[in-house]
Amino acid sequence: MKDDLLRVFASLNRKYKKEFYHLSEIYTEYERLTNKKVVNNGASIRRTLESYCKDSDSFSNKGELFILKEEDAGYWKSKFYNNFIKIDSLKKYDILSEKDLMDMFKVTNQGGIRKSKRTYSIVLVSDENGIYNDSEIVNGRLIYSGHGTKTDQLMKSGNLLLANSIQNDIPLYFFKKVKKSVYCYQGKFILDGLPYQELENGILVYKFPLRLIDYVEEDYTSYEKYSEVVNSVLKISEDINVYSISNDQLKFVDGPVKIRKYNNTEKRKSNRTSKPDYIADEIIKTIQGEITEKKVYEYELNKVMQYEVVGLVDEMIQFFENKKDNEGYDVLSFDIDEDRNIRRMYIDVKSTKGVESTPIDITSDELKFAKKNLGNYYIYRVIKSDSVDRYVKVIKGEELFNDFEMLPSSYRVYGK
């Protein structure tokens with residue numbers, strides 16, 4: 001009953017944000033959350049509230065959890081009301097110390113999946129230098145790795161908790177650990193598909209697709225140091241050579257690859273003044289994607305130039321310089337066989353920091369275009385984009401639909 005009531009107050013505070021709730025509101029929410037009927041006029045609920053309220057004659061000395069407004073008023077609040085206010089006021093890129101994080105959410109400092117019964121929430125933590133690659137948010141989506149690093153992961157404890165988070169109505173708050181005892185808030189997420197398993201670091205790991213609640217695409221160009229960051233990234237990219245090709249794989253020529261090397265020289269502090277560092281990271285990620293796309297374009301352009309066919313290069317340049325967002329592909333190219341037959345190639349460039357089994361996102365425009373141009377459609381997929389071992393895997397249109405499983409991550413609903 002104690003845990004049920006902690007959940008009730010957490011749910012009420014998130015919906016209505018009031019300090020005190022009447023017993024009638026508590027009873028209604030209790031029935032909704034637990035699917036149990038309130039019996040004996042709520043005697044067991046009142047008894048539990050009084051047992052964990054230090055101002056009550058029935059206080060059990062087990063620790064205060066609830067607060068009574070006044071004797072016989074019937075109004076109660078959670079002792080953690082101020083925690084809900086603080087949690088609700090969190091903004092993206094806010095910095096918390098480990099102590100702040102533990103105090104705010106009432107969680108421990110152990111593990112990546114941390115549940116709090118008192119604030120009825122789950123804190124997810126990812127370390128960019130950790131064993132799993134689960135800190136990259138792309139278009140408001142994140143693939144989070146489950147709990148366990150030694151043996152094959154099981155669907156229990158934290159993993160089961162995360163898998164059941166929607167049906168149990170537990171909100172997920174995601175933080176990146178940026179250095180020892182320092183955490184950067186990334187937003188409130190929800191499970192966005194069934195968990196699946198993949199082999200990583202020699203063990204089977206559960207992967208959880210998550211979606212950022214209230215995702216809005218951010219415009220970073222207004223950031224005061226936008227030009228400085230872009231110029232820093234572009235300068236590093238000048239030293240990166242185009243690719244060599246063999247066995248249906250493009251490989252990067254050896255050279256500097258750490259494009260995301262830029263760091264703000266200002267010292268990070270445990271407050272919102274650190275925000276520019278994380279905006280810079282997002283800018284760098286975007287520019288790196290553009291650089292990768294341009295390198296594929298340059299490679300294909302050089303290839304087509306060798307064919308010495310009038311008009312093909314001009315058509316490639318015109319498309320690349322004037323393409324629209326909904327074209328369905330990124331690079332137009334051509335291939336010529338031994339009989340000098342010309343075939344068009346529609347190339348979509350994808351880039352992930354993860355391994356080949358890491359899912360990629362495909363838009364409805366791209367999917368529609370791929371189906372329509374099956375024999376001419378290609379995905380050039382950059383694997384381990386931040387690593388010296390990065391390479392590009394070529395996926396043909398037929399392979400995309402025959403060898404890969406596609407899971408819808410969201411639906412757009414129209415009225416009939």
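Taking other residues whose beta carbon is less than 11 angstrom from the beta carbon of residue 202, and scoring Lys, Arg as +1 and Asp, Glu as -1, yields -1. The largest accessible area among 283, 190 belongs to the first residue in 190, 283, and the rest follow in falling order (1.4 Å probe, all chains). Remark: region 287-335 is approximated by an ellipsoid whose semi-axes, taken from the C-alpha gyration tensor as √(5λ), come to 19, 13, 8 Å, largest first.
Placing dummy labels 7 Å off each Cα toward the beta-carbon, the span from residue 109 to residue 35 is 4.0 nm. Computed with every protein chain present, the accessible area of residue 221 is close to 80 Å² [probe 1.4 Å]. Within the shell defined by Cβ-Cβ distances under 11 Å, the residues around residue 134 carry a net charge of -1, with Lys and Arg each +1 and Asp and Glu each -1. For region 295-332, the list of GluC sites (Glu not before Pro) that fall in a loop by DSSP and count at most 13 other C-beta atoms within 10 angstrom reads 308. Rolling a 1.4 Å probe over the protein chains gives residue 39 an accessible area of about 80 Å².
Given in Å, the Rg to one decimal and the Dmax to the nearest whole number for the Cα atoms of region 82-172 are 13.6, 40. Only helices enter this figure: runs of n ≥ 4 DSSP H residues, each worth -39500 (n - 2.57), summed and divided by the residues of the chain, yield -9500 deg cm²/dmol at 222 nm to the nearest 500.
The largest accessible area among 1, 345 belongs to the first residue in 1, 345, and the rest follow in falling order (1.4 Å probe, all chains). The value of relative contact order for the chain, using C-alpha pairs under 8 Å at least six residues apart, is 10 percent. For region 275-340, trypsin sites (Lys or Arg not before Pro) are listed when DSSP marks them as loop and at most 13 other Cβ atoms sit within 10 Å of their Cβ; the list is 324, 340.
When the surface is traced with a 1.4 Å probe over the full set of protein chains, residue 357 keeps roughly 60 Å² accessible.
For the chain, the per residue solvent-accessible surface stands at 56 Å², with DNA, RNA and ligands left out and a 1.4 Å probe. When you work out D = kT/(6 pi eta Rh) for the chain at 10 °C and 1.306 mPa s, using the Kirkwood radius from C-alpha pairs as Rh and the Stokes-Einstein form, the result is 64 µm²/s.
If you keep only loop residues by DSSP, which trypsin sites (Lys or Arg not before Pro) in region 1-84 have at most 16 other Cβ atoms within 10 Å of their Cβ?
Values: sites: 2, 7, 14, 15, 17, 18, 32, 36, 37, 46, 47, 54, 62, 69, 77, 79; in loops: 17, 18, 36, 37, 54, 62, 69, 79.
Sparse-neighbourhood loop trypsin sites (Lys or Arg not before Pro): 17, 18, 36, 37, 54, 62, 69.
Leaving ligands and nucleic acids out of the surface, order 104, 305 by accessible area at 1.4 Å, largest first.
Numbers: 104 25, 305 95 Å².
Of 104, 305, the descending order of accessible area is 305, 104.
For the residue pairs 18/176; 77/117; 91/177; 353/393, the C-alpha atoms sit more than 19 angstrom apart in 18/176. If R0 is 51 Å, the Cβ-Cβ spacing of residue 338 and residue 156 corresponds to a FRET efficiency of close to 0.30.
The values are calculated or read from the model by the stated rules, or taken from the named source; none is laboratory data. Keep in mind the model is a prediction, meaning the values are calculated, not measured. Reconstructed Cβ throughout: ideal geometry from the backbone, glycine too, with neighbour counts over all protein chains shown. Quick note on the areas: whole protein, heavy atoms, side chains included, nothing else; ligands and nucleic acids left out. Shrake-Rupley method; radii C 1.70, N 1.55, O 1.52, S 1.80 Å.
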